[in-house]
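One structure is given here, and the rest of the page talks about it.
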Amino acid sequence: MDRALHLILRVPVTGKPLDWIVQQHEVVLRKHAAVWIGIRTCSLSRHLRGQLSLQTDNSIPTFLYLTQRSADLFNVYKAKISASANVLTDGMLALTPPYYADQQLIGDMQSWIKLATLAHADGSELDRLAMYTTGTPLVQVLKASMLSFGSVYLR
């Protein structure tokens, strides 16, 4: 493996504020030392789940970058990934914030990422990332497209 794969999740500005979403997940994370975050836009391919699993099983730091744009600035959080799934079992649902069930969102999620850490990050972190398949700088893609989810690497 030449470079570690990481994920980017862009939260639309038309939805809940990213800070609110993170706050909800942090409550569960503090209580259980883990939390699942749902991805609505796409399911993770078998290959992508396998790559994430290979990295986490071999203690290769693997991150989910959460971002939301406000004017020309990006609010950024960085979370350490510990697992991924396309469907959660009943036992796994205990590690999700209540709003998923309260707002009947669980069935809408196409995939899930299990997080071991979650912290605010400097926006400049995005400058160091590039799209995994093309090498295009992530910030360039975020500014020019509606990318909501993708795989990235540190350049």
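Here are the numbers for this structure:
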{"item": "Boolean, K31 is closer than 19 Å to A116 by Cα and more than 15 Å from the chain's Cα centre (by Cα)", "result": "yes"}
{"item": "Residue list for segment 94-145, restricted to those being polar (S, T, N, Q), more than 17 Å from the chain's Cα centre (by Cα) and not in a loop (DSSP other than H, G, I, E, B)", "result": "S124, Q140"}
{"item": "Residues (of a type in the set (D, E, K, R) and either modelled with pLDDT of 90 or more or in contact with a His (Cβ under 6 Å, 6 or more places away or on another chain) (or both)) located in segment 1-15", "result": "R10"}
{"item": "Qualifying residue in segment 66-83 (condition: buried (at least 19 other Cβ atoms within 10 Å of the Cβ), among the hydroxyl-bearing types (S, T, Y) and assigned to a strand (DSSP E or B))", "result": "yes"}
{"item": "Residue within segment 61-79 that is at pLDDT below 95, more than 12 Å from the chain's Cα centre (by Cα) and acidic (D, E) present", "result": "yes"}
{"item": "Index of the failed condition, L95 passing every other in (1) without any contact (Cβ under 8 Å) to a residue 12 or more places away in the chain; (2) farther than 24 Å from S145 by Cβ", "result": "(1)"}
{"item": "Which numbered condition R30 fails, given (1) assigned to a helix (DSSP H, G or I); (2) modelled with pLDDT of 95 or more; (3) within 21 Å of S151 (Cβ to Cβ)", "result": "(3)"}
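The values are calculated or read from the model by the stated rules, or taken from the named source; none is laboratory data. Everything quoted here is computed from the prediction, not taken from an experiment. Note: ideal-geometry Cβ built from the backbone for every residue, glycine included; neighbour counts use all protein chains shown.
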